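Enquirer: There's a structure below that I have some questions on.
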Amino acid sequence: MRLIQTLMDAINRIVNNLDKDDIEGAKIQLSDSFRLLGNQKEYFHNTECEELIEFFKLKEGNYLKRVEFLAELIYLDATIEEDKTSKFEKFEKSKNLFQHYIEYSNEYSFDINNKLILIKSKLEKLKE
């Protein structure tokens, strides 16, 4: 529970940095937040979704919450990514992780469903 609260606080700080156009602050906070999930940012970006899910299943606690937080962090990282290819890949990975969360969670989340709609829209625009 403590990790979940810490990650929620971190995501709020990232969003606040983005709202203030403090991109560098958001990037630093993102890197720190990825480490809270147990590895470096590069690991989470360079590893396939299935392997990441298995990585979280080996950890104590609710692996689905970690999947949800990782999806959110990758989504936020995608929003500030300037390279079109990397942006697309990050949105795609975030989408896949959110979909896994929805498929295996016993909860329904309007926020996550709305986020998926937004991600799919962003992916379509990036394809153009």
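The values are calculated or read from the model by the stated rules, or taken from the named source; none is laboratory data. Predicted, not measured: the structure shown is a model, and the values here were computed from it. Cβ atoms come from the backbone with ideal geometry, glycine included; neighbour counts cover every protein chain shown.
Enquirer: Conditions: (1) of a type in the set (S, T, N, Q); (2) over 20 Å from Asn12 (Cα atoms); (3) surrounded by 14 or more Cβ atoms within 10 Å (Cβ to Cβ). Ser94 meets all but one. Number of the miss?
Expert: Going through the list (1) of a type in the set (S, T, N, Q); (2) over 20 Å from Asn12 (Cα atoms); (3) surrounded by 14 or more Cβ atoms within 10 Å (Cβ to Cβ), Ser94 breaks only (2).
Enquirer: Within the stretch 63-74, identify whether any single residue is loosely packed, with under 14 Cβ neighbours inside 10 Å and closer than 24 Å to Asp111 by Cα, and answer yes or no.
Expert: no
Enquirer: A follow-up question, please. Answer yes or no: is there a residue in the stretch 95-113 that is closer than 22 Å to Ser31 by Cβ and either more than 11 Å from the chain's Cα centre (by Cα) or modelled with pLDDT under 95 (or both).
Expert: No; the residues of the stretch 95-113 include none that is closer than 22 Å to Ser31 by Cβ and either more than 11 Å from the chain's Cα centre (by Cα) or modelled with pLDDT under 95 (or both).
Enquirer: Kindly provide the set of residues from the stretch 88-125 that are free of Cβ contacts under 8 Å to residues at least 12 places away in the same chain and of a type in the set (Ser, Thr, Tyr), ordered by number.
Expert: Tyr108, Ser109, Ser121, listed by residue number.
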